[in-house]
Amino acid sequence: EPEVTQTPSHQVTQMGQEVILRCVPISNHLYFYWYRQILGQKVEFLVSFYNNEISEKSEIFDDQFSVERPDGSNFTLKIRSTKLEDSAMYFCASSLAGLSFSTDTQYFGPGTRLTVL
Amino acid sequence: ILNVEQSPQSLHVQEGDSTNFTCSFPSSNFYALHWYRWETAKSPEALFVMTLNGDEKKKGRISATLNTKEGYSYLYIKGSQPEDSATYLCASTQSPGGTSYGKLTFGQGTILTVHP
């Protein structure tokens with residue numbers, strides 16, 4: 001069964017460093033998302049991406065964050081200058097984007113645990 | 001601010017027990033309610049997407065109901081097994097502005113432990 005994959009599974013970085021989190025969505029999916037979960041808190045939406053553009057982003061997704069689909073298979077989240085409060089589990093998700101974005105099932109990857117020291 | 005709440009926070013049951021938990025969400029501008037099952041170190045697994053008031057979905061021993069008018073959904077597990085132990089997440093898609101691009105707003109999850 002097709003699945004969303006993410007690399008690395010765990011990333012440790014120093015405050016102020018740039019990190020790139022990588023995701024390979026399911027191959028025929030067209031809609032892509034990033035979410036994160038800070039330890040002990042709810043999973044929260046960061047950004048959605050369709051047709052090589054950001055469709056929607058949250059208040060968390062400021063100028064320090066960017067997303068890119070550099071080729072036909074990868075979807076990346078870059079944090080330019082990491083802060084301590086960026087430590088979280090980051091999830092990538094994808095959906096087929098059929099009739100309705102809101103009712104499509106989103107398929108999640110296993111997450112990348114980012115630790116900022 | 002959209003608030004999705006789940007209860008209880010955690011639940012311990014014996015193998016064979018049936019159980020249920022609740023997800024509440026704002027009923028205005030509702031689009032869809034998603035249920036996920038999440039085991040530690042694995043990807044959250046999609047269980048159901050529900051859209052219509054009165055909708056009921058079933059997958060094996062797991063079923064869910066939806067009340068969009070009052071803003072709640074119940075997830076039921078019949079005859080719980082140890083392998084059902086996981087965190088169950090619900091998430092709502094809503095559109096205050098009239099357009100939604102699939103943003104999921106999650107509850108805090110219910111942690112289910114099924115004891116043999």
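The values are calculated or read from the model by the stated rules, or taken from the named source; none is laboratory data. This one's a predicted model, so the numbers in the text were calculated from it and none came from an experiment. Positions of Cβ are backbone-derived with ideal geometry, glycine not excepted, and every protein chain shown enters the neighbour counts. Each accessible area value is taken on the protein alone, full model and side chains, heavy atoms only, with ligands, DNA and RNA left out. Shrake-Rupley method; radii C 1.70, N 1.55, O 1.52, S 1.80 Å.
Among the residues of region A:8-41, those that are open to solvent by 80 Å² or more (accessible area, probe 1.4 Å) and either hydrophobic (A, V, I, L, M, F, W, C) or touching a residue at least 40 places away in the same chain (Cβ under 8 Å) (or both) comprise A:9, A:10, A:12, A:14, A:15, A:17, A:18, A:22, A:27, A:28, A:30, A:39.
Every residue in region B:17-43 that is among the small types (Gly, Ala, Ser) and open to solvent by less than 50 Å² (accessible area, probe 1.4 Å), please.
Taking region B:17-43 and keeping what is among the small types (Gly, Ala, Ser), we get B:18, B:24, B:27-28, B:32, B:41, B:43.
Across region B:17-43, the qualifying residues are B:24, B:32, B:43.
Just so you know, in region A:43-84 the residues that are away from every other protein chain (no Cβ under 14 Å) and crowded, with 19+ Cβ neighbours inside 10 Å include one that is farthest from residue A:109 (Cα to Cα), and it is A:82.
Among (1) farther than 30 Å from residue A:112 by Cβ; (2) hydroxyl-bearing (Ser, Thr, Tyr); (3) within 14 Å of chain A (Cβ to nearest Cβ), which single condition is residue B:36 missing? All conditions are met except number (1).
Yes/no matrix, rows are residues, columns are (1) under 20 Å from residue A:58 (Cβ atoms); (2) in contact with a His (Cβ under 9 Å, 6 or more places away or on another chain):
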position: B:3; (1), (2): yes, no
position: B:8; (1), (2): no, no
position: B:11; (1), (2): no, no
position: B:14; (1), (2): no, yes
position: B:22; (1), (2): no, no
position: B:25; (1), (2): yes, no
position: B:37; (1), (2): no, no
position: B:40; (1), (2): no, no
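The residue pairs whose first member lies in region A:65-77 and is more than 13 Å from residue A:29 (Cα to Cα), whose second member is assigned to a strand (DSSP E or B) and of a type in the set (Ser, Thr, Tyr), and whose beta carbons are closer than 6 Å, counting only pairs six or more residues apart or on different chains, are A:68/A:76.
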